[in-house]
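Trainee: Handing you a structure now.
The values are calculated or read from the model by the stated rules, or taken from the named source; none is laboratory data. Just so it is clear, the model here is predicted, and its values are computed rather than measured. Quick reminder, even Gly has a Cβ in these numbers, built from the backbone with ideal geometry, and neighbours come from all protein chains shown.
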């Protein structure tokens, strides 16, 4: 198996993508704090603090590491393929959010860079995967549900984490 088809590539591309978000979200939130565009005000919710955003990124990273470990131990190409597709949908959302916001959205640059690689990776794993279409669709639905629910959960928790961190910093 090539290094590019390692079950550990997904966490690596995730980290690269989320570095852009961790660097740019606080600056974009400060710049857009007075924006009248409701999409800009809602982007990344109430989180304005880098460390609070990083807590969400860390949690997502743990999820991807668990997927990578499980796939490495079991040879689970179907779960890995489904996770790659779910992650790629996440990248597409970043790109589509730019015209809606009529501005740069943190994560869009790396999303554009990573999408061709992810398309190649998905095709490569599709060719390797031996499961039938029904099994793949089950895992794809499960991966999308887990990724969407998890994203919603961390976007709910990050403002609370930000409050706790700010309270701690101001003690």
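Trainee: Go through (1) closer than 17 Å to residue 51 by Cβ; (2) more than 16 Å from the chain's Cα centre (by Cα) one by one and return the number of the condition residue 157 breaks.
Mentor: (2)
Trainee: Let me ask something else. Take residue 94 and decide whether it is under 16 Å from residue 13 (Cα atoms) and within 13 Å of the chain's Cα centre (by Cα). Quick ask: steps written out before the conclusion?
Mentor: Details: under 16 Å from residue 13 (Cα atoms): yes; within 13 Å of the chain's Cα centre (by Cα): yes.
In short, yes.
Trainee: On to the next question. I'm checking my understanding of the structure. Among residues of segment 32-48 that are in a helix (DSSP H, G or I) and exposed (fewer than 13 other Cβ atoms within 10 Å of the Cβ), which one is modelled with the lowest pLDDT?
Mentor: If we take residues in segment 32-48 being in a helix (DSSP H, G or I) and exposed (fewer than 13 other Cβ atoms within 10 Å of the Cβ), then 38 is modelled with the lowest pLDDT.
Trainee: Of the residues 124, 119, only one is closer than 22 Å to residue 6 by Cβ, modelled with pLDDT of 95 or more and in a helix (DSSP H, G or I); which?
Mentor: The match here is 119.
Trainee: Against the condition without any contact (Cβ under 8 Å) to a residue 24 or more places away in the chain and farther than 24 Å from residue 15 by Cβ, how does residue 137 come out, does it pass?
Mentor: Numbers: without any contact (Cβ under 8 Å) to a residue 24 or more places away in the chain: yes; farther than 24 Å from residue 15 by Cβ: yes.
Criteria met by residue 137.
For (1) surrounded by 13 or more Cβ atoms within 10 Å (Cβ to Cβ); (2) within 16 Å of the chain's Cα centre (by Cα); (3) under 15 Å from residue 17 (Cβ atoms), each residue gets a yes or a no:
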{"site": "101", "(1), (2), (3)": "yes, no, no"}
{"site": "105", "(1), (2), (3)": "yes, yes, yes"}
{"site": "111", "(1), (2), (3)": "yes, yes, yes"}
{"site": "121", "(1), (2), (3)": "yes, no, yes"}
{"site": "129", "(1), (2), (3)": "yes, no, no"}
{"site": "136", "(1), (2), (3)": "yes, no, no"}
{"site": "141", "(1), (2), (3)": "no, no, no"}
